[in-house]
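The values are calculated or read from the model by the stated rules, or taken from the named source; none is laboratory data. Treat the numbers as computed from the prediction; the structure is a model and nothing was measured. Cβ: placed from backbone, ideal geometry, glycine included. Neighbour counts: every protein chain shown.
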């Protein structure tokens, strides 16, 4: 297969049919824009299965995604898309960079859902960027930004409901979108790598913060998330 792109946690190959690609999940865990890096055997399989379950759930509830079909434990066939070069971060509870930047204790419920944009650039450290900056740079149009916001809020609503059933608090998460066939679709992945997920009873972290903060037993948290999602989706 022809490799199109290799990121920190996935490799993208050209698909056999026009307009498709194959995304393969890696076992690599990274933090701090790649400053901290380690191979965790089995991580790719866990992220793939968790993300596939969530994408299927979202699609059944009307969210358009790039996922076409699951190929194997670590690979999916996806619709090719022109990635919108902004990451959309949705926050329900103060944590991580939000707490550090604004001096809000972690775990503080926010009075409303926060939607943030970050410019997709590893070289620049994915800086936050606002609506007028995005349109000024020609990254996206006002209409597309409204679509990104409305889709992100709908995804938050659906995922909050799903994780609540699984006994998990959805603290915050990152989304990526792309343009395909004249519309905006959800791309990339939704997994413990891209979400903060806390046990609803104990606030135990079940996501990549276990790696970022050297809390240990990283994949145990991912396995717990997968088991709980399966229990409410299957």
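Residues are listed down the side, and each one gets a yes or a no for (1) in the same structural domain as residue 26 (by TED's automatic domain parsing); (2) farther than 13 Å from residue 163 by Cβ; (3) in contact (Cβ under 8 Å) with a residue 24 or more places away in the chain:
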| position | (1), (2), (3) |
| --- | --- |
| 184 | no, yes, yes |
| 187 | no, yes, yes |
| 192 | no, no, yes |
| 197 | no, no, yes |
| 202 | no, yes, no |
| 210 | no, yes, no |
| 213 | no, yes, no |
| 226 | no, no, yes |
| 233 | no, no, yes |
Q: Go through the range 209-232 and give me each residue that's over 24 Å from residue 37 (Cβ atoms) and touching a helix residue (DSSP H, G or I) at 6+ places or on another chain (Cβ under 6 Å).
A: 229, 232
Q.
Any residue that is farther than 27 Å from residue 73 by Cα, surrounded by 20 or more Cβ atoms within 10 Å (Cβ to Cβ) and not assigned by TED's automatic domain parsing to the domain that holds residue 36 - is there at least one of those in the range 133-144?
A. yes
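Restricted to the range 101-127, and to residues that are touching a helix residue (DSSP H, G or I) at 6+ places or on another chain (Cβ under 9 Å) and within 29 Å of residue 182 (Cβ to Cβ), which residue is surrounded by the most Cβ atoms within 10 Å (Cβ to Cβ)? Give the derivation first.
So in the range 101-127, the residues touching a helix residue (DSSP H, G or I) at 6+ places or on another chain (Cβ under 9 Å) come out as 104-108, 110, 113-117, 119.
Now drop any that are not within 29 Å of residue 182 (Cβ to Cβ), which leaves 113, 115-117, 119.
On the way: 113: 14, 115: 17, 116: 18, 117: 23, 119: 17.
Looking at the filtered set, the residue picked out is 117.
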Q.
Just to be sure I understand, how many residues within the range 9-42 are outside any loop (DSSP other than H, G, I, E, B) and under 25 Å from residue 80 (Cβ atoms)?
A. 13
